[in-house]
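Below: one structure, written as structure tokens.
What follows draws every value from the coordinates through simple rules; no lab data is involved. Here the structure is a predicted model, which means the values were calculated and not measured. Neighbour counts run over all protein chains shown; Cβ positions are idealised from the backbone, glycine included.
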Amino acid sequence: MGLQEYKRKRDFKKTPEPAGKVAKVAKAKGSSFVIQKHAASRLHYDFRLEMEGVLRSWAVPKGPSLDPGEKRLAVHVEDHPLDYGDFEGVIPKGQYGGGTVLLWDHGIWYPDIDPVKAYRKGHIKFRLEGEKLHGGWHLVRLQGKDEDKENWLLFKESDEFAVPGSGDALVEEYPASVTTGLTIEEIAANLDRVWQSNREEKVAKKKEPAKNAPSPPAGARKAKLPAKVAPQLATLVSDPPKGAEWIHELKLDGYRVLCELKDGPRGKT
Ligand code: MN
């Protein structure tokens, strides 16, 4: 399929999703898989298997179930670039797939036979080693006339990881992101402040930096504000740093340390 369809649907000036490219090397053994919970116009889970340098993709409205009797509709959708496997964030309203994306699970998948052959045949049997999903799974293509939207079924194999009769328990009990621990509501709330398409236009005019503004440190690069910022930890030392002037002020809630660095004064509270 390639990425033409993926690129055609998106305006990369407006969406934070990766533009991506087809990766050159296909790994011999296991390849990556990712499941992204996607709160778009309708909530669904995007199930993606790395194959032929792209992420072959299915949209699963109800998400996976550990109950082998629950055969979940999986609508085959366009290939996505491998970079997409790390994407978690907000796709602006009005853009293709506009809504919130949460990295629900990721890991390695192992096909039982040549994956490209299995894919063409319409029955992929595989094992997952993810953080939430494990053991054997099947993806089976249904017979149908509509070539644009191929319907497949995703279901759990009966093995030691199966939980017969569990229904939706898996997606209900484990809603959070495997990378950030955030829920879909928290991702939407966090990133709304950073990336909001209609608000962005108002602040789009770039402010000129102040004339004596410090330049960013060497090696710094522009990036999105992370969803969670780890606190900066202090290290206990017996002497103040040499070659720098410093004072500290006792405050009711702690200490304020002012250091005179080579390139000017800076404060830390
Ligand atoms: Mn989607």
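Quick look at the values:
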{"quantity": "Qualifying trypsin sites (Lys or Arg not before Pro) in segment 52-84, DSSP loop, other Cβ atoms within 10 Å at most 11", "calculated": "none"}
{"quantity": "Among TYR110, LEU170, HIS138 - extreme Cα towards positive end, dipole of segment 71-187, charges at beta-carbon", "calculated": "HIS138"}
{"quantity": "When the convex hull of its Cα atoms is projected in every direction, mean area for segment 82-125 (nm²)", "calculated": "4.5"}
{"quantity": "Unit charges on C-beta of K, R, D, E only; dipole of segment 78-119, Debye", "calculated": "200"}
{"quantity": "In segment 99-184, chymotrypsin sites (Phe, Trp or Tyr not before Pro) in a DSSP loop with at most 15 other beta-carbon atoms within 10 Å", "calculated": "PHE161"}
{"quantity": "Total charge dipole magnitude, segment 67-176, about the Cα centre, Cβ charges on Lys, Arg, Asp, Glu only, Debye to nearest 20", "calculated": "460"}
{"quantity": "Segment 1-157: proportion of alpha-carbon pairs further apart than 24 angstrom, %", "calculated": "28"}
{"quantity": "Three semi-axes of the equivalent ellipsoid, segment 119-192, Cα gyration tensor, whole Å, largest first", "calculated": "28, 20, 12"}
{"quantity": "Contact order normalised by residue count of segment 9-163, Cα under 8 Å, 6+ apart, percent", "calculated": "24"}
{"quantity": "Proxy reagent accessibility, fewest Cβ within 10 Å first, across HIS80, HIS248", "calculated": "HIS248, HIS80"}
{"quantity": "Nearest-0.05 FRET efficiency for LYS222 and LEU73, computed from C-beta distance (R0 35 Å)", "calculated": "0.30"}
{"quantity": "Segment 95-157 - convex hull of the alpha-carbon atoms, volume per residue in Å³", "calculated": "121"}
{"quantity": "Using alpha carbons only: equivalent-ellipsoid semi-axes of segment 25-117, gyration tensor based, whole Å", "calculated": "23, 17, 11"}
{"quantity": "Average silhouette area of segment 20-79, convex hull of alpha-carbon atoms, in square nanometres", "calculated": "5.0"}
{"quantity": "Contour minus Cα-Cα distance for ASP86 and ARG8 (0.36 nm per residue)", "calculated": "26.0 nm"}
